[in-house]
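A.B. asks: My structure is below; once you've seen it, I'll send some questions.
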């Protein structure tokens, strides 16, 4: 895991994920599969992360100030993902709601 970070405009605190060759390959496969049905690839570089918290409301956030006050010794364990899930998100007044649209097993290349 990389360090904790935030997307202030989106109101998100995240744990950054180290970009591995396997993750880069997964991104290429997803971009290729979604291009077939008309989705354009992102212009921004891949920033893999796990969303840890999301601020509510539409007011500006200053999550970077909050992160600066956290203890610097935050450590997370590691895990090996067994599957990739495709989610659809629905932003509602009560918060985000997510529905799984597909599950894809991850297999090690041999």
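A.B. asks: Going by what's in this entry, would residue 77 be described as assigned to a strand (DSSP E or B) and over 16 Å from the mean Cα position of the chain (by Cα)?
C.D. replies: It is false that residue 77 is assigned to a strand (DSSP E or B) and over 16 Å from the mean Cα position of the chain (by Cα).
A.B. asks: Name every residue in region 31-46 that is loosely packed, with under 13 Cβ neighbours inside 10 Å and in a helix (DSSP H, G or I), in order of residue number.
C.D. replies: Once the filter is applied, which keeps residues that are loosely packed, with under 13 Cβ neighbours inside 10 Å and in a helix (DSSP H, G or I), region 31-46 yields 32, 33, 35.
A.B. asks: Given the condition touching a residue at least 12 places away in the same chain (Cβ under 8 Å), assigned to a helix (DSSP H, G or I) and touching a strand residue (DSSP E or B) at 6+ places or on another chain (Cβ under 7 Å), answer yes or no: does some residue in region 8-19 qualify?
C.D. replies: Taking every residue of region 8-19 in turn, none turns out to be touching a residue at least 12 places away in the same chain (Cβ under 8 Å), assigned to a helix (DSSP H, G or I) and touching a strand residue (DSSP E or B) at 6+ places or on another chain (Cβ under 7 Å).
A.B. asks: Consider residue 28 against the criteria (1) surrounded by 10 or more Cβ atoms within 10 Å (Cβ to Cβ); (2) at pLDDT below 85; (3) out of contact with any helix residue (DSSP H, G or I) (no Cβ under 8 Å at 6 or more places or on another chain): it satisfies all of them except one. Which criterion is unmet?
C.D. replies: Of everything listed in (1) surrounded by 10 or more Cβ atoms within 10 Å (Cβ to Cβ); (2) at pLDDT below 85; (3) out of contact with any helix residue (DSSP H, G or I) (no Cβ under 8 Å at 6 or more places or on another chain), residue 28 misses just condition (2).
A.B. asks: Hey, another quick one. If you go through region 92-110 one residue at a time, how many are modelled with pLDDT under 85 and farther than 18 Å from residue 18 by Cα?
C.D. replies: Total satisfying the criteria: 6.
A.B. asks: Take the residues in region 47-74 that are closer than 21 Å to residue 2 by Cα, outside any strand (DSSP E or B) and under 16 Å from the mean Cα position of the chain (by Cα); name whichever of them is modelled with the highest pLDDT.
C.D. replies: 48
The values are calculated or read from the model by the stated rules, or taken from the named source; none is laboratory data. Everything numeric here is computed off the predicted structure, so don't read it as measured data. Cβ atoms come from the backbone with ideal geometry, glycine included; neighbour counts cover every protein chain shown.
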